[in-house]
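The next block holds one structure in the form of structure tokens; read it before the comments.
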Amino acid sequence: MPYVPVPKDLTKVKTKVLFNLTKRQLLCFGGGALVGIPLFFLLKGTMGTSVAALCMILVMLPFFLLALYEKQGQPLEKILGNILKVTVIRPKERPYRTANFYSLLERQAKLDKEVYDIVHRKGKTARR
């Protein structure tokens with residue numbers, strides 16, 4: 001009887017579509033091929049085969065990284081997005097601020113007193 005290992009954590013299991021690759025990997029490899037192969041044929045005549053192949057590899061490398069690199073369940077574009085948010089978008093210093101409920105009550109009491117004074121002062125002037 002054949003033995004097939006079954007993983008205990010099924011969240012890391014990904015469905016394979018074709019050639020034991022996921023949809024994401026197929027799309028990224030296809031995008032890399034759509035960009036790299038025409039570039040190779042364009043550069044082959046002017047620069048030579050080895051330089052054209054090196055340029056093709058350099059152009060296709062980001063597509064391969066997007067397809068294969070994954071850290072803690074996050075793909076590369078999410079990791080790069082998080083790095084961009086931390087370094088550029090969000091402020092460097094984030095001071096700790098609390099919502100002081102007591103100061104809020106003090107402000108509200110002060111405003112209530114002002115309104116009370118205004119209402120009763122106008123009432124006295126209108127009666128006179």
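The values are calculated or read from the model by the stated rules, or taken from the named source; none is laboratory data. Being a predicted model, the structure only gives us computed values, none of them experimental. Here the Cβ is made from the backbone with ideal geometry for all residues, glycine too, and neighbour counts use every protein chain on show.
Taking segment 40-64, which residues are among the aliphatic types (A, V, I, L, M) and either more than 20 Å from Leu26 (Cα to Cα) or outside the structural domain of Leu27 (by TED's automatic domain parsing) (or both)?
Result: Leu42, Leu43, Met47, Val51, Ala52, Ala53, Leu54.
Considering only residues that are β-branched (Val, Ile, Thr) and not in a helix (DSSP H, G or I), which ones fall in segment 1-41?
Initially, segment 1-41 is screened for residues β-branched (Val, Ile, Thr), giving 4, 6, 11, 13, 15, 17, 22, 35, 37.
Of everything in segment 1-41, those that are β-branched (Val, Ile, Thr) and not in a helix (DSSP H, G or I) turn out to be Val4, Val6, Val13, Thr15, Val17, Thr22.
Would you be able to tell me the number of residues in segment 86-102 that are surrounded by fewer than 10 Cβ atoms within 10 Å (Cβ to Cβ) and assigned to a helix (DSSP H, G or I)?
5
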